[in-house]
1. What's the number of the condition PRO117 fails, among (1) part of a loop (DSSP other than H, G, I, E, B); (2) assigned by TED's automatic domain parsing to the domain that holds ILE24?
2. Which of the following residues is touching a Ser or Thr at 6+ places or on another chain (Cβ under 9 Å) and either closer than 20 Å to LEU57 by Cα or in contact (Cβ under 8 Å) with a residue 40 or more places away in the chain (or both): GLU162, GLU152?
3. What helices (runs of 4 or more DSSP H) completely inside the range 1-104 contain at least 3 residues that are of a type outside the set (A, V, I, L, M, F, W, C) and surrounded by fewer than 16 Cβ atoms within 10 Å (Cβ to Cβ)?
4. When you check LEU77 against the structure, is it of a type outside the set (Val, Ile, Thr), within 22 Å of ASP47 (Cα to Cα) and over 17 Å from the mean Cα position of the chain (by Cα), yes or no?
5. Collect the residues in the range 147-157 that are surrounded by 14 or more Cβ atoms within 10 Å (Cβ to Cβ), under 17 Å from the mean Cα position of the chain (by Cα) and part of a helix (DSSP H, G or I), keeping them in residue-number order.
Amino acid sequence: MNYLDEMVGRFPENPEIRLLYASILLIFRPDDVAVEAAKAIELGPDDPTILVRAAHLLFNRGEVDLARTAVTRAGELVEPDFVLMSGLVNIEGLLAARDGRVDVAEEKLRSAVRVDPAFSHFAVDLAQFLSWRGRQAEAIAVIDEALPYAKEEGDLQRLRVELTGA
């Protein structure tokens with residue numbers, strides 16, 4: 001942590017360092033994550049990569065309005081070959097679900113999983129959404145389909161146990 005504290009002090013205007021710092025703070029000081037993610041957005045307002053990554057951090061910390069602003073701006077900036085397009089689509093789906101636009105949410109969450117099946121968190125988001133909608137069997141199927149592709153299985157396995165009770 002001291003090294004990152006030092007880097008933020010040496011390069012306070014670098015949005016990438018601020019975003020990395022925010023990610024590390026999730027473990028050590030979760031209450032400070034949103035401040036650093038917001039600072040990254042402020043320093044990189046025209047970098048869709050920064051915006052999408054920061055939006056996920058902000059959304060997960062309950063800063064939905066800031067996340068929505070970052071997602072909107074990122075959507076204005078991206079090209080079709082944007083490297084984090086699945087991340088952008090995923091966060092758009094999460095925001096749509098929060099807004100009660102369930103059809104749009106499901107479409108976007110499914111799209112993120114389809115485009116980037118190795119990123120297990122997208123499958124977790126979709127499975128949680130389906131479970132929330134009372135569609136347990138579909139949620140479990142999403143998890144089972146994602147497991148062979150997932151780089152990280154832990155969250156998928158935990159959610160599967162939670163949903164099945166086994």
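1. (2)
2. Values: GLU162 fails: either closer than 20 Å to LEU57 by Cα or in contact (Cβ under 8 Å) with a residue 40 or more places away in the chain (or both).
Selected residue: GLU152, the only one of GLU162, GLU152 that is touching a Ser or Thr at 6+ places or on another chain (Cβ under 9 Å) and either closer than 20 Å to LEU57 by Cα or in contact (Cβ under 8 Å) with a residue 40 or more places away in the chain (or both).
3. Details: elements: 2-10, 15-28, 33-43, 48-60, 64-77, 85-98.
In the range 1-104, 2-10, 64-77 are the helices (runs of 4 or more DSSP H) which contain 3 or more residues that are of a type outside the set (A, V, I, L, M, F, W, C) and surrounded by fewer than 16 Cβ atoms within 10 Å (Cβ to Cβ).
4. Working: of a type outside the set (Val, Ile, Thr): yes; within 22 Å of ASP47 (Cα to Cα): yes; over 17 Å from the mean Cα position of the chain (by Cα): yes.
For LEU77, the condition - of a type outside the set (Val, Ile, Thr), within 22 Å of ASP47 (Cα to Cα) and over 17 Å from the mean Cα position of the chain (by Cα) - is met.
5. Across the range 147-157, the qualifying residues are ASP155, LEU156.
The values are calculated or read from the model by the stated rules, or taken from the named source; none is laboratory data. Just so it is clear, the model here is predicted, and its values are computed rather than measured. A quick note on method: Cβ atoms are made from the backbone with ideal geometry, for glycine too, and the neighbour counts reach across all protein chains shown.
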